[in-house]
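Asks: Have a look at this one.
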Amino acid sequence: MALPESTAYVLFGLKEVLEAVGPVWGMVTGNAPADPRFDVAVVASSTEPFACAGGAWVQASTTFAGNQHFDIVLVTDLTIEPDADHRGRWPEAIAWLAAHHAEGAVIASICSGSVLLAEAGLLDGKEATTHWAFAEGYARCYPAVTWRPERILCLADTEERLVTAGGAASWEDLMLWLVARFVSPAEAVRLAKIYIFGDRSEGQLLYAALRRPRRHEDRVISQCQDWLAGHYAEPDILARLVDRSGLSEKSFTRRFKAATGHAPLDYVQRLRIEEAKELLETTAEPVETIGRSVGYEDSSFFRRLFKRQTGTTPARYRQRFAGIGRTLPRPESQARPESQARPESQARPELEPCARSR
């Protein structure tokens, strides 16, 4: 949803990232690109170009008066006064928002944009978050809403159809949650790695992924790579590679590096650490067990190698990525009734009140 008060930073950021879900991972890692997972449209009062907050020009795809229905509606942050009374503003947008909610759409807001959900009455009797600077003013105007400015993301209902995000930069957390819900948690992790979403204090290495090996014409090395993909955890792996190649160790090392760009040991270590990262993201196995499963009996060496390649420890890596996309906590009064419990195959563990992906 685009209004004259919308900020370009969030509006275009949302659009770019959603359109990238699917294709961008393959493009960056050298794998086959997947189809786009979201069909994104900008909706405004008119399709005529207009300047949003900060002067960037916006041209909407469709209008509030159109009859197109959307599965998800995202309300951007707004450049408005925190303590002003905004009741009665944006009547056309409010009516369109309420109609979409009534038709079953998921409605989400970022930062000050939660005022539109409150004005539409969608948050009455529910919990919501917003930028901390707006919470006091919104509480005066919308006392039926329980404002939780301490949260990054806040789920308002058991159906997971109303979610609000805190300050403007929390649109990143909202993206990860939406992608995890509508595509998969694995896709949300990939998105976080591509765009370096989250805590960046430890640098970029923990976000990096193993790129597809470059193409080459060395058939012997290619066959060794194919075999290695399924046997990288085996002991004496380098000696076995040399033996399979039929080359001398010196010739194998030279040809392997010329073909792949990596020394054999470096290549094996990268494969092993990439598998360890996936296991840390998707399982609760102890770090020692994961280390052994990828070929390292010495857990201390595994931890040192992992940190050298990713810039962080296995435990910290798990903390950073394993929580992405898991469902948000609901207020106790709105816990899902037993009869509406999510099937086991769809269950998602609970997060802390502040999204652990932060």
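Asks: Take the residues in the stretch 75-94 that are aliphatic (A, V, I, L, M) and under 23 Å from Lys15 (Cα atoms), then tell me which one is surrounded by the fewest Cβ atoms within 10 Å (Cβ to Cβ).
Replies: Residue satisfying both the conditions and the ranking: Ile80.
Asks: Go through the stretch 161-177 and give me each residue that's in a helix (DSSP H, G or I) and touching a helix residue (DSSP H, G or I) at 6+ places or on another chain (Cβ under 8 Å).
Replies: Listed by number, the residues that qualify are Ala168, Ser170, Trp171, Glu172, Met175, Leu176, Trp177.
Asks: Test Ser61 against the criterion of being farther than 27 Å from Ala180 by Cα, hydroxyl-bearing (Ser, Thr, Tyr) and out of contact with any helix residue (DSSP H, G or I) (no Cβ under 7 Å at 6 or more places or on another chain), and give yes or no.
Replies: Against the criterion (farther than 27 Å from Ala180 by Cα, hydroxyl-bearing (Ser, Thr, Tyr) and out of contact with any helix residue (DSSP H, G or I) (no Cβ under 7 Å at 6 or more places or on another chain)), Ser61 does not qualify.
Asks: Something else: Pick from the stretch 289-302 the residues that are surrounded by fewer than 19 Cβ atoms within 10 Å (Cβ to Cβ) and touching a residue at least 12 places away in the same chain (Cβ under 8 Å): which of them is farthest from Leu238 (Cα to Cα)?
Replies: Filtering the stretch 289-302 for residues surrounded by fewer than 19 Cβ atoms within 10 Å (Cβ to Cβ) gives 289, 292-293, 297-301.
Subsequent filtering for residues that are touching a residue at least 12 places away in the same chain (Cβ under 8 Å) retains 293, 299.
Working: Ser293: 17, Ser299: 20 Å.
So the residue we want is Ser299.
Asks: Let me ask something else about it. Would you tally the residues in the stretch 300-343 being modelled with pLDDT under 50 and not in a helix (DSSP H, G or I)? Spell out how you get there, then give the answer.
Replies: Of the stretch 300-343, the ones modelled with pLDDT under 50 are 333-343.
Still in the list and also not in a helix (DSSP H, G or I): 335-337, 341-343.
Count: 6.
Asks: Here's another thing I want to ask about it. Could you tell me how many of the residues in the stretch 118-143 are part of a loop (DSSP other than H, G, I, E, B) and out of contact with any Gly (no Cβ under 6 Å at 6 or more places or on another chain)?
Replies: 13
Asks: Oh, and also: Being in a helix (DSSP H, G or I) and of a type in the set (D, E, K, R) is the filter; apply it to the stretch 225-242 and report the residue that is modelled with the highest pLDDT.
Replies: The extreme case among them is Arg240.
Asks: Going through the stretch 43-74 one residue at a time, which ones are in contact (Cβ under 8 Å) with a residue 40 or more places away in the chain, surrounded by 13 or more Cβ atoms within 10 Å (Cβ to Cβ) and outside any loop (DSSP other than H, G, I, E, B)?
Replies: Answer for the stretch 43-74, where residues must be in contact (Cβ under 8 Å) with a residue 40 or more places away in the chain, surrounded by 13 or more Cβ atoms within 10 Å (Cβ to Cβ) and outside any loop (DSSP other than H, G, I, E, B): Val43, Ala44, Phe50, Ala53, Val58, Ile72, Val73, Leu74.
Asks: Moving on. Looking only at residues in the stretch 23-37 that are in contact with a helix residue (DSSP H, G or I) (Cβ under 9 Å, 6 or more places away or on another chain) and free of Cβ contacts under 8 Å to residues at least 40 places away in the same chain, which one is nearest to Trp96 (Cα to Cα)?
Replies: This residue is Pro36.
Asks: Taking Leu116 as meeting all but one of (1) over 21 Å from the mean Cα position of the chain (by Cα); (2) within 24 Å of Phe12 (Cα to Cα); (3) loosely packed, with under 15 Cβ neighbours inside 10 Å, write down the number of the exception.
Replies: Leu116 satisfies all of (1) over 21 Å from the mean Cα position of the chain (by Cα); (2) within 24 Å of Phe12 (Cα to Cα); (3) loosely packed, with under 15 Cβ neighbours inside 10 Å except (3).
Asks: Please count how many residues of the stretch 1-45 are at pLDDT 95 or above, out of contact with any Cys (no Cβ under 9 Å at 6 or more places or on another chain) and among the hydroxyl-bearing types (Ser, Thr, Tyr).
Replies: 1
Asks: Can you tell me how many residues in the stretch 20-39 are assigned to a loop (DSSP other than H, G, I, E, B) and surrounded by 17 or more Cβ atoms within 10 Å (Cβ to Cβ)?
Replies: Selection size over the stretch 20-39: 3.
Asks: Only one of (1) free of Cβ contacts under 8 Å to residues at least 24 places away in the same chain; (2) outside any loop (DSSP other than H, G, I, E, B) fails for Val17. Which number is that?
Replies: Val17 satisfies all of (1) free of Cβ contacts under 8 Å to residues at least 24 places away in the same chain; (2) outside any loop (DSSP other than H, G, I, E, B) except (1).
Asks: Specify the residue that is nearest to Ala65 (Cα to Cα); the eligible residues are those in the stretch 75-120 that are among the β-branched types (Val, Ile, Thr) and touching a His at 6+ places or on another chain (Cβ under 8 Å).
Replies: If we take residues in the stretch 75-120 being among the β-branched types (Val, Ile, Thr) and touching a His at 6+ places or on another chain (Cβ under 8 Å), then Ile107 is nearest to Ala65 (Cα to Cα).
Asks: Can you find a residue in the stretch 79-92 that is touching a residue at least 40 places away in the same chain (Cβ under 8 Å), outside any helix (DSSP H, G or I), under 20 Å from the mean Cα position of the chain (by Cα) and on the phi < 0 side of the Ramachandran plot?
Replies: There is no residue in the stretch 79-92 that is touching a residue at least 40 places away in the same chain (Cβ under 8 Å), outside any helix (DSSP H, G or I), under 20 Å from the mean Cα position of the chain (by Cα) and on the phi < 0 side of the Ramachandran plot.
Asks: In the stretch 256-284, what residues are exposed (fewer than 15 other Cβ atoms within 10 Å of the Cβ) and in a loop (DSSP other than H, G, I, E, B)?
Replies: Gly261, Ala263, Thr283, Ala284
The values are calculated or read from the model by the stated rules, or taken from the named source; none is laboratory data. Computed from a predicted structure; not experimentally measured. We place every Cβ from the backbone using ideal geometry, glycine too, and count neighbours over all the protein chains shown.
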